[in-house]
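Engineer: I have a structure here, written as structure tokens, and I will follow up with some questions on it.
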Amino acid sequence: MAAKKLRRAKLSQELCERLSRYQITTCQDFLCLSLLELMKVTGQSYRNVQKLLRQVSLACAPKMQTAYEMKVRRSVNPSSAFLSTTLHSLDKVLHGGVPCGSLTEITSPPGCGKTQFCIMMSVLATLPVSMGGLDGAVVYIDTESAFSAERLVEIAGNRFPTYFDSDEKLFCMTRSIHLYRELTCDNVLKRIKSLEEEIISKKVKLIIIDSVASVVRKEFDTKLQGNLAERSNFLARGASLLKYLAEEFSIPV
Amino acid sequence: MQRAVGSLPLGPALRARLAAAGFQTAQELLDTGPCGLSREIGISKEEALETLQVVRQECSGDAARTAGGAGTTRKCTALELLEEEQAQGFIITFCSALDNILGGGVQLTKITEVCGAPGVGKTQLCMQLAVDVQIPECFGGVCGEAVFIDTEGSFMVDRVADIAAACVQHCQLIAEAHQEEDHQKALETFSLESILSHIYYFRCRDYIELLAQVYLLPDFLSEHSKVRLVVIDGIAFPFRHDFEDLSLRTRLLNGLAQQLIIIANDHKSAVVLTNQMTTRIGQSQSTLVPALGESWGHAATVRLIFHWDKSQRLATLYKSPSQKESTIPYTITPHGFRDVQPPAVTQNTESTEMNPRKRPRREEEK
């Protein structure tokens, strides 16, 4: 949205050319300037500049929706609002399960079972909707190399013996869990950026990142000067990308 | 009429030409007329006409202001302000202790900033206020609508529905107790659907969308003149990451603050912002301070800081022009933002009443 070119914001051609001489080509550059600077750069009067600002803002601003419309949309599709964890007390506390469309974070000391939980959620996501799943693929970004496919099959077989009664069903499930091993922060960020197309093409319904802290801790030593800012930068960028993906496709992350 | 040409809101190229041609006051421009102007400076007749129209508008605006005319004048006596302030409404928060320290509730025409660590209840308060602003006047509310600008994506419609249902129930109880006719009439229009449909929600993903939305807000508020609350949930989030140029950030934030003050004053609405906390590393210890730096601290009129004290949530009034600094406890229940119940009566029920979406802070309470 920010990188939207001014041409597409319906500004006149000569104005765009004039602005590009000052290196102002995107909406972001335009909106970051103050009114006086805009007047100098466009050569227009105060009132015209205000009109231009409004035009460019219209091109960038988000759409309005009332809370009522949102509620109606959610109640039309109640099953798609949550992914149940099949642990009844946890589901009750979470008001239905892991919410779709937002980020959920699981933290604990080592050995408590985070990776096991993630593996189980991957199995649940591939189940059909009638059994409480999301009937879709899973993207699993693994930074600790802790994912074990055998354990995945074991969980599936023991938890849902009636469903996974044939090898074929197991193959089908394992094929829809896409595992990516990324060992550095840059790779993780690159992978998250490339996820948008994959989600559409592979019909992904769940994204799991296991774990964010390990890869960040390995690379950024907070005692060194400047690393704290870089680390927060990386984390915040990753978080906003994931939030965008979660909301855009209404999937749990 | 003696206004200098340099102070007129014309384009800089035009101004340069006028200065080069020797024009000094606005009166000279008006006397020359469009054809003369176009000949002397070398611009087309249409441009000259436009310029003269702008000059005429500015000068008539000046005359009205010097004659003490009505409209855009911002001068008034302190007595008029006092009467205005006393007649002004507050938006109650349903937590009487918080309303007390704020002097009645969230004040209209002022910017209130709520800072706190993650998970302490800032978004809950914003959702509560978005519902409370719609309470009809006969129940003590301001009967307005709400604009909710979300940058973090933490707005949960189901939660707002719960809070709204509790609020409607509360009003129904009051109406039954008082049995007045305008209460009944007001209750007809104050329902869950109407509350939800009067919360206008915008989801801004980065700071450009936020800036664009704030530029467009005055027009939106003129169309929806009943809006009395603008909530920006998470003003720090889009500005905290991906910003190499800190001076640009300060400039944008200051511009944003100024626009919000204008919006609050012109449309008589309250502006509520939520901010994050950041750690300031001192000599030997680190303290939590509101994010976005010292200069942002001047933007808000009233500042509330939410924090934890073991397992109790506390709200501190950090900055206010009229109330003194104090701290009060509050809780979040399934019904929304509420006072702390007296401990002797409801020790057990309080722990089960805590918002099921929040993790319990201490396991032994359950």
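Engineer: Give me the distance in nm between label points sitting 7 Å out from Cα along the Cα-to-Cβ direction at B:Ala20 and A:Gln55, one decimal.
Structural biologist: 2.6
Engineer: Related question: Nearest 500 deg cm²/dmol is fine: what mean residue ellipticity at 222 nm does chain B get from its DSSP H runs of n ≥ 4 alone, each adding -39,500 (n - 2.57), divided by its residue count? All intermediate terms of the calculation are to be shown ahead of the outcome.
Structural biologist: Working: 13 runs with 162 residues, N = 366.
Helices in chain B give a 222 nm mean residue ellipticity of -14000 deg cm²/dmol.
Engineer: I've got another one for you. Given chain B, report the % of alpha carbon pairs whose separation exceeds 36 Å. Present the calculation step by step, with values, prior to reporting the outcome.
Structural biologist: On the way: 24538 of 66795 pairs.
Across chain B, Cα pairs with separations above 36 Å total 37 percent.
Engineer: Right, another one. Mind checking the log10 I(q)/I(0) for segment A:141-198 at q = 0.12, 0.14 Å⁻¹? Debye, one equal scatterer per Cα, no solvent, two decimals.
Structural biologist: Debye intensities relative to I(0), on a log10 scale: -0.40, -0.52.
Engineer: Taking every pair of alpha-carbon atoms in segment A:138-236, give the share separated by more than 22 Å as a whole percent. If you can, show how the numbers build up before the last one.
Structural biologist: On the way: 2103 of 4851 pairs.
Beyond 22 Å sits 43 percent of the P(r) for segment A:138-236.
Engineer: Please give, to one decimal in nm, the separation of the simple spin-label points placed at A:Glu154 and A:Cys16, each 7 Å out from Cα toward the Cβ.
Structural biologist: About 6.0 nm separates the two model spin labels.
Engineer: Taking the beta-carbon count within 10 Å as an exposure proxy, list B:Glu244, B:Glu209, A:Glu230 from fewest neighbours to most. Mind dumping the intermediate values first?
Structural biologist: Numbers: B:Glu244 8, B:Glu209 23, A:Glu230 13.
Ascending number of Cβ neighbours within 10 Å: B:Glu244, A:Glu230, B:Glu209.
Engineer: Could you tell me the relative contact order of chain B? Use alpha-carbon pairs under 8 Å, at least six residues apart, and round to a whole percent.
Structural biologist: Working: 543 pairs, mean separation 70.4, N = 366.
RCO, chain B: 19 percent.
Engineer: Could I get the Rg over Rh figure for segment B:174-314? Both from C-alpha atoms, Rh via Kirkwood, rounded to two places.
Structural biologist: My calculation puts Rg/Rh at 1.07.
Engineer: Continuing with this model, one more query. If you look at just the Cα atoms of segment A:20-88, how large are its Rg and its Dmax in Å?
Structural biologist: Cα only, segment A:20-88: 21.4, 65 Å (Rg, Dmax).
Engineer: In addition: From Cα coordinates alone, what are the radius of gyration and Dmax values for segment A:6-60 in angstrom?
Structural biologist: Expressed in Å, the Cα Rg and Dmax of segment A:6-60 come to 9.7, 24.
Engineer: Now for a different question. Would you mind listing how long segment B:5-63 runs along its three principal axes, going by Cα atoms, in whole Å with the largest first?
Structural biologist: Extents along the principal axes, in whole Å: 30, 18, 18.
Engineer: Sort segment B:257-350 into rounded, prolate or oblate with this rule: let a ≥ b ≥ c be the square roots of the eigenvalues of the Cα gyration tensor; rounded if a/c is under 1.5, and if a/c is not under 1.5, prolate when a/b is larger than b/c, oblate otherwise. Write down the numbers at each step before the final one.
Structural biologist: Working: a/c = 2.50, a/b = 1.33, b/c = 1.88.
The shape class here is oblate.
Engineer: Another question, if that's okay. Could you give the angle, 0 to 90 degrees to the nearest 10, between helix B:45-66's Cα long axis and the longest principal axis of the Cα atoms of chain B?
Structural biologist: It is inclined by approximately 60 degrees.
Engineer: Please compute the average number of Cβ atoms from other chains found within 10 Å of each residue's Cβ in peptide B:6-17. Numbers along the way, then the final one.
Structural biologist: Values: counts 0, 0, 2, 7, 5, 9, 8, 3, 3, 2, 0, 0.
The mean count of partner-chain Cβ atoms within 10 Å per residue comes to 3.
Engineer: On to the next question. Under 14 Å from the Cβ of B:Ile92, count the other residues' Cβ atoms, weight Lys and Arg +1, Asp and Glu -1, and hand me the total. Spell out each step's value before the answer.
Structural biologist: Working: positive: B:Arg228, B:Arg338; negative: B:Asp99, B:Asp132, B:Glu137, B:Asp339.
It works out to a net charge of -2.
Engineer: If you don't mind, there's one more thing I want to ask. Residue by residue through A:87-100, how many Cβ atoms from other chains fall within 10 Å of the Cβ on average? The partial results should precede the final answer.
Structural biologist: Working: counts 0, 0, 0, 0, 0, 1, 6, 3, 8, 3, 0, 0, 3, 0.
Average per residue, whole number: 2.
Engineer: How many percent of DSSP beta bridges within the protein assembly as shown run antiparallel, rounded to 5?
Structural biologist: Numbers: 28 of 64 bridges.
Of all bridge pairs located within the protein assembly as shown, approximately 45 percent are antiparallel.
Engineer: For n ≥ 4 DSSP H runs only, could you compute -39500 (n - 2.57) per run for chain A, divide by its residues and tell me the 222 nm figure to the nearest 500? Could you put the intermediate results ahead of the total?
Structural biologist: Numbers: 12 runs with 135 residues, N = 253.
-16500 deg cm²/dmol, from helical runs alone.
Engineer: Over all residues in B:109-115, what is the mean tally of Cβ atoms on other chains that come within 10 Å of each residue's Cβ?
Structural biologist: Numbers: counts 0, 0, 0, 0, 0, 0, 0.
Per-residue shielding by partner chains comes out at 0.
Engineer: Take the protein assembly as shown, compute every pairwise Cα distance, and split them into 20 Å bins from 0; I just need the percent in each bin.
Structural biologist: In whole percents, the pair-distance histogram is 16, 45, 30, 9, 1.
Engineer: Could you tell me the extents of segment A:78-249's C-alpha atoms along the three principal axes, largest first, rounded to whole Å?
Structural biologist: Its Cα atoms span 56, 34, 33 Å along the three principal axes.
Engineer: While we're here: For B:Glu113, what is the net charge nearby, where nearby means another residue's Cβ is under 14 Å from its Cβ and Lys, Arg count +1, Asp, Glu -1? The partial results should precede the final answer.
Structural biologist: On the way: positive: B:Lys110, B:Lys122, B:Arg303, B:Lys319; negative: B:Asp233, B:Glu294.
Spelling it out: positives minus negatives among the neighbours equals +2.
The numbers here are math on the coordinates, done by the rules we state, and not lab data. Note that the structure is a prediction, hence the values are computed from the model and not measured. A quick note on method: Cβ atoms are made from the backbone with ideal geometry, for glycine too, and the neighbour counts reach across all protein chains shown.
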